[in-house]
Each structure stands twice: as structure tokens, then as C-alpha cells.
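What follows is a single structure, written as C-alpha cells, with notes after it.
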Amino acid sequence: MRSFSMIIGGKPMAAETTFDVLNPADGSLAGRAPQGSIADLDAAVAAAQAAFASWSKTGDAERRAACEAVAAKIGEHAEELAQLLTSEQGKPLNGQGSRFELGGAQAWAMHTASLPMEPKVLQDDNRGRVELHRKPMGVIGSITPWNWPLMIAVWHILPALRTGNTVVIKPSPYTPLSTLRMVELMNEVLPAGVLNVVTCDDVTVNLGAAMSAHPGIRKMVFTGSTATGRRVMASAAETLKRLTLELGGNDAGIVLPDVDPEEIAPALFWGAFINNGQTCAAMKRLYVHEDVHDAVCDALAAYAATVKVGSDDTAELGPVANRMQFDKVSGLVADAAAKGRVLAGGAPGEGLFFPPTLIAGLGDADPLVREEQFGPALPILSYSDVEDAIARANDSENGLGGSVWSKDIEAAKAVAMRLECGSVWINKHGAIQPNAPFGGVKQSGLGIEFGEEGLAEYTDIQTVLI
Ligand code: NAD
């Protein structure tokens with residue numbers, strides 16, 4: 001079994017002990033990750049602070065070239081990283097699985113490398129000149145989840161480096177291996193200390209909590225659950241850290257009565273079941289007009305029956321990524337199956353496999369509708385008045401994404417713009433792209449990622465008035 005090290009100050013750093021990372025497809029050992037300590041975190045922050053002194057002074061062209069080199073590294077090692085990712089996360093290699101994630105990681109890295117970072121002249125006249133400069137902040141602490149670990153790591157790392165900051169990243173204990181290897185590869189083209197990685201199992205030691213409170217870190221970028229995001233925000237208060245929080249979602253889709261159910265069924269299905277539903281901006285509740293409700297249910301169930309779940313090269317969906325999430329989804333589905341009408345799936349499969357599950361006839365207060373299931377189960381709810389559907393969709397503490405489905409794009413857009421969420425799609429769901437700013441409203445987060453708006457979040461503004 002190959003060994004994995006943390007990377008601190010450009011050097012591999014083993015720990016005294018390791019923790020096991022399991023392959024969710026069969027429970028076998030995917031690898032062992034270093035059990036980092038608070039001393040390792042302190043060393044990583046110190047290395048990032050030391051590297052900041054010179055990295056923050058590099059010119060725009062040099063930083064851009066370094067980010068392009070990082071993107072190229074991801075591309076050169078995409079297959080190796082994809083295999084490693086599948087072994088610890090469970091997503092299939094093909095379809096919208098690991099190879100797709102690596103393609104996304106490289107695309108985001110390239111796009112972020114190309115973003116402009118120029119000062120703005122706000123005024124230049126006989127009363128004076130005012131310039132707005134964007135300056136790097138210092139050490140960025142990055143904490144990532146287990147669902148799209150490499151793509152999300154790139155969303156954190158690249159804008160931080162592009163803007164002249166240095167980084168300490170801590171991946172989820174469920175999926176640390178692919179991040180350890182990706183950071184090792186990135187270090188082949190970055191100066192020592194610019195990008196560091198630490199890992200821990202969260203039980204013996206919780207370095208995420210320590211990072212949020214660390215006085216040497218200027219900003220935290222956190223992607224994960226709303227509950228943990230609140231903790232990060234609370235402990236960041238002591239040192240007034242800047243924050244980007246990308247948190248949970250309970251995205252609603254609204255189907256208007258003019259759709260062709262069979263035509264939209266595949267996109268509806270994948271809007272909800274991409275990565276087994278373990279996607280922040282996946283559709284997690286579907287409201288369908290009563291005129292087409294039964295036909296949409298039938299079309300979705302027929303499509304679900306064609307989707308291949310497994311762990312070979314032909315699989316479109318793999319197992320749920322870990323026991324914790326499997327138990328959560330199993331509990332929500334058992335409750336919903338007793339109250340509603342199961343159209344597909346409805347009960348756990350072998351090991352951590354869970355068939356795509358569709359359940360109609362639930363009420364808005366039922367847990368599968370109310371809570372973020374973050375797994376392969378979609379509740380389908382009927383409505384008669386679109387005003388009622390909008391109100392029900394908005395009746396959530398979350399506000400990450402939403403979608404509206406109709407042949408009439410203007411009618412769909414009018415409904416879409418009344419949804420309380422950061423991104424809204426028409427006739428698709430969850431299709432993010434690097435040039436479209438992404439972030440949650442309400443308790444789905446704070447701040448924005450992607451594009452120039454996302455880049456700006458890694459900078460302090462300095463206004464120069466002459
Ligand atoms: P999680 O909150 O359990 O864990 C996220 C990370 O936080 C992990 O690295 C974990 O080790 C770390 N952590 C644990 N305790 C911590 C603490 N006290 N302080 C700081 N960090 C700590 O989330 P998860 O289960 O890994 O991911 C699933 C959740 O992430 C879902 O709610 C999903 O919607 C959300 N998510 C959001 C986005 C988005 O862009 N909005 C993207 C992906 C996932």
C-alpha cells in the first residue's frame with residue numbers, strides 16, 4: 001500500500017500515526033492518511049506565512065503562469081488522481097464521476113489562472129486621482145468536504161494563489177488521499193510553503209476547528225455543512241477572519257404545467273442524482289404541477305430504472321460515500337417510505353449501495369422534504385397554484401440553488417427570479433460553470449466563488465487617493 005504524507009513547507013511530512021481511509025464500494029482499505037497534530041498545523045501556517053513574504057510580491061504574469069502550471073499538473077495526472085478519488089469516495093470513474101471531476105478541476109484551474117487582476121481608476125480629474133488596488137491577504141485556511149473533494153480544493157486553492165496568498169488546506173477525513181497527492185503534485189511547480197496540506201481524523205484531533213481559530217490565518221474558505229459552517233464562523237470571530245462559507249442546500253425544482261414529462265425526465269433525474277445526490281446544489285425537492293404530476297412521476301421512475309448502479313466501468317452511480325451518510329439517508333428514506341408512495345428504490349442495497357429513490361405523496365413538513373438528504377432520494381410534491389409552489393420552495397432556511405422547468409422560457413424566468421437562492425437554472429439544475437459566480441443566500445453561505453467576484457474575495461481593497 002502506498003504511503004501518503006502531508007506537505008509542509010514544500011516537504012513531505014509523515015505523522016507518528018495514521019488513520020484508515022476506506023473504499024465505500026467494498027469496505028477495503030483505500031489507504032492510510034497521516035494523523036496530523038496541532039504542531040503540524042502550526043508548522044504549516046508558519047511555512048505559509050514565510051512563503052507569503054515573497055509570493056505576495058510576485059508579479060501578475062508570474063502568478064498567472066504558476067496557476068497555469070498547476071492546471072497542467074492536474075491534467076497530466078488526471079487519470080492517477082481519478083483512480084485514487086474513486087477508491088476513497090466511491091463515485092464511478094466514468095459518467096459524472098471521477099474523470100468528470102478531474103476535468104472540472106482542470107477547467108476551473110485554467111479559468112482562474114486567466115482572470116484579470118488589474119487596479120481600477122475610480123477618479124482622475126482636476127480634483128485628484130483615486131485608485132482601487134486589490135492586495136493579497138496572507139495565509140488562507142481551506143477546509144473541504146468529501147463529495148467533490150478535488151474540484152472544491154481547486155475552487156479554494158487557485159483563486160487564493162492567483163491573488164498572491166498562500167494556503168493551508170485540510171481535506172475531509174473521508175477523502176484525504178486524493179487531496180494529499182494533488183497538493184504534492186502542485187508543489188512540484190510552486191515555491192516551497194505556498195501550498196501546504198494537513199490531515200486528521202477529526203476525532204483524535206480536529207485541525208479544522210484549530211484552523212478556524214488560528215491567529216496566523218487571515219481568511220477561512222470553508223465548504224461543508226451549515227452546522228459546521230456556523231462553528232467556523234463562531235471561532236473565526238476572535239481574530240475577525242474573513243470568511244467564504246459554501247454550506248448546505250435544500251434546492252427546490254418547480255415544474256410548470258406545459259412541460260413534456262418524458263423530454264425533461266433525464267435532466268430532472270441528473271439534476272437530483274448527480275454524484276448520488278451528494279452535491280450541494282443538487283435538486284433536493286421537486287414541486288410538480290398537478291396536471292403533469294403523475295406523468296412526471298412515471299417518466300422519472302422509468303428513467304431511474306435504466307440507471308446503472310455499481311462499481312465497474314459501466315456504472316453511472318456508485319455507493320453512498322461513507323457509512324455516516326448512508327445511515328442518514330437510510331433513516332430519511334425509511335421514514336418517507338412509510339408516509340408516501342415509493343416510485344423507485346426505497347430501501348438500502350448491498351453494503352453502502354442505495355438505489356435511486358423517488359417518493360411521492362409526502363407533506364412539506366416531512367423530514368425528507370424539510371432536511372438536506374444529501375443522498376440518492378428525491379421527494380416529488382404536487383401543487384395546483386404556482387404562487388403556492390414558490391412560497392413552499394422559499395420556505396427553507398437554505399438558499400443555494402433552484403430551478404424552473406417549462407417550454408416558455410420567459411414564464412420560467414419570471415418564476416425563477418422569485419426564488420430565494422444564489423443560482424437559478426431553467427430546464428436544468430446544478431450546472432455550475434467557472435465564469436458564473438456561485439454562492440448561497442440565507443443559511444446556505446456567505447460570500448461568492450468563481451469569476452472576478454470570487455477572486456475579489458481573496459483580496460483586501462486598498463484605496464489610494466492622490
Ligand atoms: P462537514 O461540515 O461535516 O465537513 C466539512 C469539513 O469540515 C471536513 O473537512 C471536516 O473535517 C471539517 N470539520 C469538521 N469539524 C470541524 C470544525 N469544528 N471546524 C472546522 N471544520 C471542521 O460536511 P461534509 O459532510 O463533508 O459535506 C457535506 C455538506 O457540505 C453538505 O451539507 C453540502 O451541502 C455541503 N456542501 C456545500 C457546497 C457549496 O458549495 N455550498 C459544496 C459541497 C458541499
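The values are calculated or read from the model by the stated rules, or taken from the named source; none is laboratory data. Just so we're clear, the structure is a prediction, and the values are computed from it rather than from any experiment. Note: ideal-geometry Cβ built from the backbone for every residue, glycine included; neighbour counts use all protein chains shown. Areas reflect the complete protein model, heavy atoms only, side chains present, ligands, DNA and RNA absent. Shrake-Rupley method; radii C 1.70, N 1.55, O 1.52, S 1.80 Å.
Details
- Solvent-accessible area, 1.4 Å probe, carbon plus sulfur percent, for the chain: 54
- Antiparallel DSSP beta bridges within the chain, as percent of all bridges there, nearest 5: 40
- Mean Cβ neighbour count within 10 Å, used as a protection proxy, ranking 122-131, 407-416, 434-443, 375-384 highest first: 375-384, 434-443, 407-416, 122-131
- For segment 136-179 and segment 1-35, distance of Cα centres in Å: 17
- Taken over the Cα atoms of segment 21-128, the convex hull encloses 171 Å³ per residue.
- Available extension along the chain between ARG129 and ALA53 is 24.5 nm, counting 0.36 nm per residue and deducting the alpha carbon span.
- If R0 is 22 Å, the Cβ-Cβ spacing of ASP335 and GLU397 corresponds to a FRET efficiency of close to 0.65.
- Normalised by the number of residues in segment 251-426, the mean separation of alpha-carbon contacts (under 8 Å, six or more apart) gives a relative contact order of 28 percent.
- From the Kirkwood radius over Cα pairs of the chain, Stokes-Einstein at 20 °C and 1.002 mPa s returns a whole-number translational diffusion coefficient of 94 µm²/s.
- Length gained on full extension, VAL441 to GLU238, computed as 0.36 nm times the residue gap minus the Cα-Cα distance: 70.7 nm.
- Violating pairs (Cα-Cα greater than 23 angstrom) within the set LYS73/LYS308; LYS284/LYS442; LYS339/LYS413: LYS73/LYS308; LYS339/LYS413
- Histogram of C-alpha separations across segment 251-426, 5 Å bin width, %: 1, 9, 19, 23, 21, 15, 8, 3, 1, 0
- Working from label points 7 Å from Cα in the Cα-to-Cβ sense, the ASP298 to SER384 distance is 2.2 nm.
- The label point for ASP60 and the one for ARG2, both projected 7 Å from the Cα toward the Cβ, are 3.8 nm apart.
- Note on ARG231/LEU29: beta-carbon distance plugged into 1/(1 + (r/R0)^6) with R0 of 30 Å gives a FRET efficiency of 0.50.
- Separation of alpha-carbon centers, segment 368-410 and segment 55-84, rounded to whole Å: 38
- The chain: angle of helix 261-273 to the longest principal axis, Cα-based, in degrees nearest 10: 40
- Think of a 1.4 Å ball rolled over the protein heavy atoms: the chain then has 38 Å² of accessible area per residue.
- Full extension of the chain segment joining THR463 with THR306 gains 50.7 nm, where the gain is 0.36 nm per residue of separation less the Cα-Cα distance.
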